[in-house]
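Rule-based calculations on the coordinates, nothing more; no lab input. The shown structure was predicted, so the numbers you read here are calculated from the model rather than taken from an experiment. Methodologically, a virtual Cβ is constructed for each residue, glycine included, from the backbone with ideal geometry; neighbour enumeration extends over all protein chains shown.
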Ligand SMILES: Cc1cc2nc3c(=O)[nH]c(=O)nc-3n(C[C@H](O)[C@H](O)[C@H](O)COP(=O)(O)OP(=O)(O)OC[C@H]3O[C@@H](n4cnc5c(N)ncnc54)[C@H](O)[C@@H]3O)c2cc1C
Ligand SMILES: Nc1ncnc2c1ncn2[C@@H]1O[C@H](COP(=O)(O)O)[C@@H](O)[C@H]1O
């Protein structure tokens, strides 16, 4: 059985769902999984990682964070374990670290993959090209297959197992060092991670009206706010919320586009969502072409009613 | 100071993608090209850095000889010279081979500061910047939205999922540019005229073999036709019913 090293992301010891998905992906491809967790509270992740199929967890100690330092440590672990694959999630951290690990190992990187399968001694991967206009199936001829995996795409696997834990000191040889984090408002889910996304566009007319979008997101309880580029360019919402070709790629269970026309660059970032709902007053808006369900009408009337209906539905469960 | 911006030509955003006869590559018939969106930010930041710290800006690309079109556009915005590592197979070159070849050239040039785009908008890899930095043994901060430079070192803010992270680093360094970093300037007539006289050198590319082998390229499956549930707020109960009982997503 070939070994896959999986970089784990966690929030104060709680493993991010995307990392559990990556563990699931590695197992589905027939790999034995060695998970690597780093940062304070990393030791608290080991039980959850074992329960989701990690045979081994390497806890990297150290009190400074450096992306080049971490990448060097990960490459070393890959070599020591004789791993055939290195996986991370296609998050901001994963996309920062994985290319460096690949280069440390002198291997190519497969970014933002939507499928990862064993193929003889190696692996086959599927990923979008040209902002999702094309789907590429690729064979890896790299000695170690390094990939980032799209979030909300792979299934986690609860095995109920427990992992062997190894404590390793991280290197202290850094070229760039993290000196400060300005954290986002607490409790806000990232748009690329949330299972439900409520996005607003220019049809919301003013920044203040986004409270209607936020209220709906809050009503769901597990939703994030997204935005079109038009409203980000207007300064109504931060760029971190932008969905699309020059923003984030999202693939939630439910994507609700409100007052968004559905330009191709916006669709590039959300069209693989499982269910798409569009609310737009123009029945001819292109967003309706890819929406599963649409309501034609004024967002200012529809949003409060929808928010109420969601709260009611949730109160019943 | 040797400052370099790495740019890549990519199909125009509006390109209708067609699969070539081999079933594995983009049909390039009729495809027009532009400098990748984020690489425009890389060029702007390189010129700004030169304005602040002095030195010389080179625009470096791996691509066909005809990529001189994109290089001229960058030169018109204040860069000093261009270099093309000529590659007939540029559109299929993988990120490892690309990053290694760029790193080899950057090492020869003795680059102090290298700017890349966050991602090239053709294959959306977001890989070459941090990979070439690793091959160079240089510091690298990705997705940078704010950059402060002084003699030989800098502080870069990067947009992460959980907030904004600040990194301290020394030169040589590679910065990948994210959207809010700057507003690329327009090339004035004077710049366009000046660019005509600036040198563009074509060098042979010595690239390693690809490790990424395309098996097939397909159009994405079309989404099943959706439906309009109704008009106005009165359609909300029907939408809730569809979400709860049909799509079962709540
Ligand atoms: C290189 C490049 C990259 C780009 N990247 C991105 C990207 O990453 N993400 C992105 O989103 N865009 C991107 N764009 C921009 C994109 O082309 C569109 O301009 C943008 O998505 C439009 O945003 P919008 O739908 O909010 O605004 P509009 O197109 O103006 O649409 C507003 C919609 O609101 C509707 N509306 C108005 N009033 C109401 C109301 N009261 N109730 C309900 N509906 C109402 C209107 O009918 C209309 O359909 C990019 C463009 C380029 C050239
Ligand atoms: N062929 C190339 N020539 C020069 N620079 C490149 C090339 N390919 C990628 N880059 C640089 O690396 C960045 C990221 O590319 P990618 O990893 O392909 O998304 C681009 O924005 C460019 O700055």
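Ellipsoid semi-axes for chain A, based on the Cα gyration tensor and the rule √(5λ), read 37, 21, 19 Å when sorted largest first. In chain B, the longest principal axis of the Cα atoms and the axis of helix B:37-53 are about 30 degrees apart. Distances longer than 20 Å among the Cα atoms of the range B:25-114: what percent of all pairs is that? Of all Cα-Cα distances in the range B:25-114, 39 percent exceed 20 Å. Ellipticity at 222 nm from helices only: DSSP H runs of n ≥ 4 in chain A, each -39500 (n - 2.57), divided by the residue count, give -8000 deg cm²/dmol.
Rounded if a/c is under 1.5, else prolate if a/b is larger than b/c, else oblate: which is the range A:206-311, with a ≥ b ≥ c the root eigenvalues of its Cα gyration tensor? Cα axes put the range A:206-311 in the rounded bin. Exposure proxy for A:86, A:174: other Cβ atoms within 10 Å of each Cβ, ordered fewest to most, give A:174, A:86. Rounded is the label for the range A:45-113, because a/c, from the alpha-carbon gyration tensor with a ≥ b ≥ c as root eigenvalues, stays below 1.5.
Running a GNM on chain B with Cα contacts under 10 Å, which residue among B:184, B:221, B:64 ends up with the highest mean-square fluctuation? For chain B, modelled as a Gaussian network with Cα springs under 10 Å, the answer is B:221. Here, chain B yields an orientationally averaged convex hull projection of 18.2 nm² when only Cα atoms define the hull.
Can you tell me the orientation of helix A:210-220 relative to chain A, as the angle in degrees between its alpha-carbon axis and the longest Cα principal axis, to the nearest 10? The two axes meet at around 60 degrees. Taking the longest Cα principal axis of chain A as reference, the axis of helix A:17-28 is set at about 60 degrees.
Determine the shape class of the range A:150-287: with a ≥ b ≥ c the square roots of the Cα gyration tensor eigenvalues, call it rounded for a/c under 1.5, and otherwise prolate if a/b is greater than b/c, oblate otherwise. Verdict is prolate for the range A:150-287. By other beta-carbon atoms within 10 Å, ranking A:49, B:53, B:239 with the fewest at the front produces B:53, B:239, A:49. Along its three principal directions, the equivalent ellipsoid of the range B:172-248 from the Cα gyration tensor extends over semi-axes of 52, 27, 15 Å, largest first.
For the range B:7-68, how big is the tail of P(r) above 18 Å, as a whole percent of Cα pairs? For the range B:7-68, the share of Cα pairs beyond 18 Å comes to 51 percent. Within the range A:180-247, the ratio Rg/Rh, alpha carbon atoms throughout and Rh by Kirkwood, equals 0.95. In chain A, Cα pairs under 8 Å separated by at least six residues give a relative contact order of 15 percent.
Both radii come from the Cα set of the protein assembly as shown: Rg as radius of gyration, Rh as Kirkwood radius; their ratio Rg/Rh reads 0.96. Distance distribution P(r), the range A:6-139, all Cα-Cα pairs, bin width 5 angstrom from 0: 2, 10, 20, 24, 23, 12, 6, 2, 0 percent. The fewest-to-most ranking of B:186, B:135, A:255 by surrounding Cβ atoms within 10 Å reads B:186, B:135, A:255. Round to a whole angstrom and tell me the spacing of the C-alpha centers of the range A:273-317 and the range B:158-224. If we compute the Cα centre of each part, the gap is 37 Å.
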